[in-house]
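Okay, so here's the structure we're looking at.
Please treat every number below as a calculation from the coordinates, not as lab data. Since we're looking at a predicted model, the values are computed, not measured. For neighbour counting, all protein chains shown are included, and Cβ atoms are generated from backbone atoms with ideal geometry for every residue, glycine included.
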Amino acid sequence: MGRNLQSSERLRPVDLARGHGLSTQAIRNYEETGILPAAGRTPHGYRTYTSLHAAALSAFLALVPGHGHQTATSIMRAVNQGSAEEAFHLIDESHAQLLDDRRTLQAVESALRGLERTTASGPDVGSGPAAVGPGVGSEPAAAPGSGGTFIGPLAEKLGIGPATLRKWERAGLVRPRRDPLTGYRVYDEAAVRDARLAHQLRRGGYLLEQIAPLIAQVRAAGGLEPLQATLCDWHGRLSARGRAMLTGAAELEAYLRERG
């Protein structure tokens, strides 16, 4: 809108608002919060805007989908205060967050592929010599009639120590139940799945606090297969953010050129 106007043309709040489906109050709010530069005033005190304000509005609205309302507001405030470097820093932080989100998604997908491989190849999933803790040899491979396995055999299959599984349990990554006869921890199919996924992500360098929300997503999806739809949606949302950032960058560059 703004780039088709002469810089000397005066616009009313309604002129800016109408092209973007906004209210005139929203335009005034944007000016008051620093998203738009200060408006001129008529002798009677009415606000007047120019193509510069139209370009600022276009830039802000284009920045919001990729950076969020709060960051987009901070970017525009920085530009309007003459601190382009601060605005670029905020943009860099958003891109860094997007890259981190992409890496997290890749880690989840890598972990899921690892689970598929280990499931297909059988129970022997240890990546090295098993760190067998006390009492492992005395435990049966599975809890009788429970459809699960005890901590020692599971730790041995994963190539970790039982203490690691207990630590993961305290962090909420795995949820074994207790065998009513022996008091041993019993890992059913879902708990074994969570332990395998945690193991894959830990090998990828992820911290427990980073893994916990990913495990929660698997549980909420009801298993690995339903999670594929979530992963596809996750890919789509990240791609949409990336494209929105490109659009926002183009509009912001146009505004910077208009400011001179």
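A cut-off of 5 Å between modelled amide H atoms, ignoring neighbours fewer than 5 places along the same chain, links residue 184 with 179. Measuring between their Cα centroids, the range 56-107 and the range 213-260 lie 14 Å from each other. Here, the range 19-108 yields an orientationally averaged convex hull projection of 7.0 nm² when only Cα atoms define the hull. Using R0 = 51 Å, the C-beta based FRET efficiency linking residue 210 and residue 41 works out to 0.45. Under 5 Å from the amide H of residue 36 lie the amide H atoms of 31, each residue being 5 or more positions distant or on a separate chain, with H modelled from the backbone and absent for Pro and chain starts. Based on the Cβ-Cβ distance from residue 170 to residue 26, what FRET efficiency comes out when R0 is 45 Å, to the nearest 0.05? Step by step, r from the Cβ atoms, then E = 0.40.
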